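To start, the structure itself, in structure tokens.
Any read-out appearing in this document is the output of simple, stated calculations on the displayed coordinates, not a laboratory observation. Since the structure is predicted, the reported quantities are computational estimates derived from the model, not experimental observations. Cβ atoms come from the backbone with ideal geometry, glycine included; neighbour counts cover every protein chain shown.
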Amino acid sequence: MKTNFRLKTLALAAFATLSGPALAAMDGATSGNGELLLNMRYYGGNSATSGDDDISGLFDLGFRMNDMLATNGQAGFNKSWDLTTGAYGASWNQLMSFVGPANAHLIGFNVIALDTTDLNDAGGSRYLTTANVDAYPKLGNTNLKGFMNMDKYVEANNSRGTHATDDNGASVAMPTDASNTFFGAINGIGQGDTWLQKTSVDTTQPLGTEQNFWFLTTFSTSALAQATKTPFGVDLNNDGVIGEGEFSKFKLTENGVLTFTSPSVSPIPEADTWAMLLAGLGMLGMIVRRRTGV
């Protein structure tokens, strides 16, 4: 399966290169190489699916799934987005103004990407998602395939805001807007926080939270099998496991900066640095011996 996945990733990357830059609008589940999407949501009232006190925002980050997968394991890979400027700015300002400074800490965010082009094949359902857990809980192939319904939300928002006019646009929505445009009411009353109740993990966390990032895919064609869950990170101690201090993180701050950061490897001193250090220690030893009369 790993070989098939690598071949698929290489083929899609080559196609993307030949096809040139992406057109305006977001690429979702059926594109074969969905874009990273930042979601923000504020549930202000008793119901997250109705009323005029809730709002969500959707930002196209302009970075594709296969490109993101290629960064996994790369020490020191960092990337950032300023949501207060350009095609993002109007949506950011509208959402933050609606919520107000006093309630900004109640805004949740997640980052996702979708691909369902080979839905019924092993490894054919592919998703990226934030999940602030060190070990992803049980998730079967059937529920993972159910993540595909989030694509209704992507498609419904493609004509809104600056998505239709800019390569990487943004939009906001409320429960009273068109069907499937609001993050808290997708495919009826489904919430994007839990991929429409298909995972037990709340993938949205408050602003300022450093969230782990995960690649989820179907392990086999069996409906009963568990999905494969791979964290983003750098195996610094080479034990084959991503553990404490080794996870890559997404973080969104109240000043509108989204960052993705990966652990860095401590630099190994060069040969001449070691030589200077040893020479210095030797000199120090001579001085100590002279003073002690040894």
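Things worth noting here:
- Taking chymotrypsin sites (Phe, Trp or Tyr not before Pro) across region 47-82, none is in a DSSP loop with at most 16 further Cβ atoms lying within 10 angstrom of its Cβ.
- Order by protection proxy (mean Cβ within 10 Å, highest first), peptides 196-208, 26-38: 26-38, 196-208
- Relative contact order (percent, whole number), region 87-244, Cα cutoff 8 Å, 6+ residue spacing: 30
- Checking the cross-link pairs K79/K229; K79/K138; K198/K251; K79/K198 against a 26 Å limit on the alpha carbon distance flags K79/K138; K79/K198 as lying beyond it.
- Prolate/oblate/rounded label for region 2-269 (Cα gyration tensor, a/c 1.5): rounded
- 3J(HN,Hα) along region 208-225: x, 6, 8, 9, 5, 10, 10, 10, 10, 8, 6, 7, 8, 8, 6, 5, 8, 6 Hz, from the Karplus curve 6.51 cos²θ - 1.76 cosθ + 1.60 with θ = phi - 60°, whole Hz, x for Gly and Pro.
- Normalised contact order of region 2-269, rounded percent, pairs of Cα under 8 Å and 6 or more residues apart: 24
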